[in-house]
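Take a look at the structure set out below.
Here, each number is a calculation from the coordinates, and none is a lab measurement. Please read these numbers as outputs of a predicted model, since none were measured by experiment. Note: ideal-geometry Cβ built from the backbone for every residue, glycine included; neighbour counts use all protein chains shown.
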Amino acid sequence: MAQKIYVGNMNYATTEETLKNLFSQYGEVVSATVIKDKFTEQSKGFGFVEMADGEAANTAIATLNGKELDGRRIRVNVAEEKPRNGGFRPRGNFNRDRGNRGEGGYRPRGERNFNREDRNRDDYRY
């Protein structure tokens, strides 16, 4: 079964081809990816390697962790799944501690607080 490996603390000049060549010494490499900034296309200093065999991946992790690659000591370990929140994006003002403005940042003149209960009243509907 394929295993995904995280490679961190890489030199910004390290390429996907370099990663593939390094890890292919330990077994079949399915893919090698260097993570890049989407605007500047510059490397972010980490990447992922997917190896076909789990045993070979574990050997590569044990051997290459802390080794020098392109002048930097790389960090190599099993990649962990990034937690996903299901596309949930909270709404509202997140600076609630900044004064007495309530949730939406809008406070009608003459009102002490503008909170959730006020939103249910007909005269404050948006």
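Before moving on, here are some points about what is shown:
- Here the gap between Lys20 and Ala79, fully extended at 0.36 nm per residue and compared with their Cα-Cα distance, gives a gain of 19.6 nm.
- Extension gain, Asn65 back to Lys36 (0.36 nm per residue minus Cα-Cα distance, nm): 8.3 nm
- Asp53-Glu28 pseudo-label distance in nm [points 7 Å out on the Cα-to-Cβ vector]: 1.0
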